[in-house]
Every structure is written in structure tokens, then in C-alpha cells.
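Report on the structure given below.
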Amino acid sequence: MKILLIEDDNSIAKLVSWGLSNERIYCDCAPDGVSGLKMAASSSYDLIILDLLLPGKSGEEVCRQLRHANYTMPIIILTAITDLQSKVRLLDLGADDYVTKPFEFEELYARIKALLRKQKIELGSVLVYDDIKIDLKKHEVTKRGSPVSLREKEIKILEYLVRHAEQVLTREMILSYVWGPAAERFTNVVDVHIHHLRQKIDKPWKSRLVKTVSSLGYKLSK
């Protein structure tokens, strides 16, 4: 689980990042809108927590630009605004939820869990999508209750697909996530591993969850 917090108030940033770490959730922090937008665009996050009043570029503008560029991860706005019209405008911009300052971490965490449940992402060490279950601690994968023997990279690819189920992931995104940002770009290693993954996850059950999206990449979809 990977969350990006874009917040210029250091005390709030510490509170949120500490709380998330206690829940075994990795959190990157950006202190302003410009660096936050760059981080959001250059890495893969399961969710973004975005302060509204930021130096450099407002949270409103960061949200607008991310949605305009078709980034689909959930966005929670942190705001001191209390009037209904302004809150409605935030949702219209593309925010999925908002938390009014001051807030308790428990409230924010509850909203994070609710949004991630909608994306079929299960907090903790177990991920579930359709009839696939991944135990990240044990490095075990099952389908319809039966164990599936996958190599380390295949599990990592499947994890990435499950975390972003129903979303198209480019070969470059998969390559960067599984092999790291320095991996050789001109290679068919992703296609080879996807082929092996299909042979183990789909073919024995005559299912077709791992789909090719022509000229773009792959996605996990029913």
C-alpha cells in the first residue's frame, strides 16, 4: 500500500505519516503543490491525501491537473472550508472525499479504508480480487481456494494488477514497479512474464482476468 500526502503543515504531515506507518502503509510526503504533482505523476500511488491551501500550486489545481491527465487514484482533500458549496465544488473537480480541519487521524483512516474498499484493495498483507487471493507476507497465491505456484516477479506483477484492478497499466509502469525505475526500457520482459502469469492464473480455470489493452498495456478485469 502506497499513499502520497501533499501537505505543507509539518505537524499535520508528521501526524498522518506516523499514523499510516502504524497501519503498515507506506507514505511519501510532499511539502507543496508543485513537487506533489510531480511525485503523483512519476510514481504509482493507491491514494492521495491533498491539502487545499498549498504553496506553489493549490490543492485545487493539483486535483484538476491529475484528473485532466486521467489519473484515477482516489483523492482525499484536507480543508478548513466548511460551506457546502465549496465542498461540492471540490467533489466536482474530481476529489473523492474531504476531511475538514481540524481532524482526528481515526476519521481520516476510516475514509481511506472506505475508498480503498471501493477499489477492491484490502488493507494489510492480503489482497483479494474476484477469486484471486494474494498473501504478501507468505508469498502465497490462491485461485478459487487452490494454490498457484508463481515466481517472485510474477507475484509482484499480479500484486500491482490487483492493486489497480480495472485500470490500464502500461508496460513502462509495470516495468518500473517490478524491476525498478532504472530497468532497461527496450525489453519484452513484461510481455514474457504476463504470458507466464496467464498460463498459471487464467488458463487452468479457463478464465480471462489478465487482459491486453491494445497499444497501451494490461489490466486485471472481470
Can you find even one residue in segment 135-143 that is among the basic types (Lys, Arg) and in contact with a helix residue (DSSP H, G or I) (Cβ under 9 Å, 6 or more places away or on another chain)? yes
Going through Val189, Val148, Val178, Val126 one at a time, which residue ends up being under 27 Å from Ile3 (Cβ atoms) and either surrounded by fewer than 15 Cβ atoms within 10 Å (Cβ to Cβ) or at pLDDT 90 or above (or both)? Val126
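One line per residue, one yes/no per condition, for (1) of a type in the set (Ser, Thr, Tyr); (2) within 21 Å of Ala80 (Cα to Cα):
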| position | (1), (2) |
| --- | --- |
| Ser35 | yes, no |
| Ala41 | no, no |
| Ile49 | no, yes |
| Pro55 | no, yes |
| Cys63 | no, yes |
| Leu66 | no, no |
Give me a count of the residues in segment 199-222 that are within 21 Å of Met173 (Cβ to Cβ), among the hydroxyl-bearing types (Ser, Thr, Tyr) and surrounded by fewer than 17 Cβ atoms within 10 Å (Cβ to Cβ). 4
Look at Asp28 and say whether it is in contact with a Leu (Cβ under 8 Å, 6 or more places away or on another chain), assigned to a loop (DSSP other than H, G, I, E, B) and not basic (Lys, Arg). no
Restricting attention to segment 1-49, and to residues there that are of a type in the set (A, V, I, L, M, F, W, C) and in contact with a Cys (Cβ under 6 Å, 6 or more places away or on another chain), which single residue is farthest from Leu136 (Cα to Cα)? Ala13
Glu159 passes all but one of (1) under 17 Å from the mean Cα position of the chain (by Cα); (2) surrounded by fewer than 20 Cβ atoms within 10 Å (Cβ to Cβ); (3) within 14 Å of Gly217 (Cα to Cα); which number fails? (3)
Where a residue in segment 38-61 is in contact (Cβ under 8 Å) with a residue 60 or more places away in the chain and its partner, wherever it lies, is assigned to a strand (DSSP E or B) and of a type in the set (Lys, Arg), with Cβ under 6 Å and at least six apart: Asp46/Lys2
Filtering segment 150-177 down to residues that are among the hydroxyl-bearing types (Ser, Thr, Tyr) and within 17 Å of Leu209 (Cα to Cα) yields Tyr160, Thr170
List the pairs whose first member sits in segment 130-153 and is under 19 Å from Lys203 (Cα atoms), whose second member is among the hydroxyl-bearing types (Ser, Thr, Tyr) and surrounded by 10 or more Cβ atoms within 10 Å (Cβ to Cβ), and whose Cβ atoms are under 6 Å apart, counting only residues at least 6 apart or on separate chains? Lys133/Thr142
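The values are calculated or read from the model by the stated rules, or taken from the named source; none is laboratory data. As the structure is a prediction and not an experimental result, all values here were calculated from the model. Quick reminder, even Gly has a Cβ in these numbers, built from the backbone with ideal geometry, and neighbours come from all protein chains shown.
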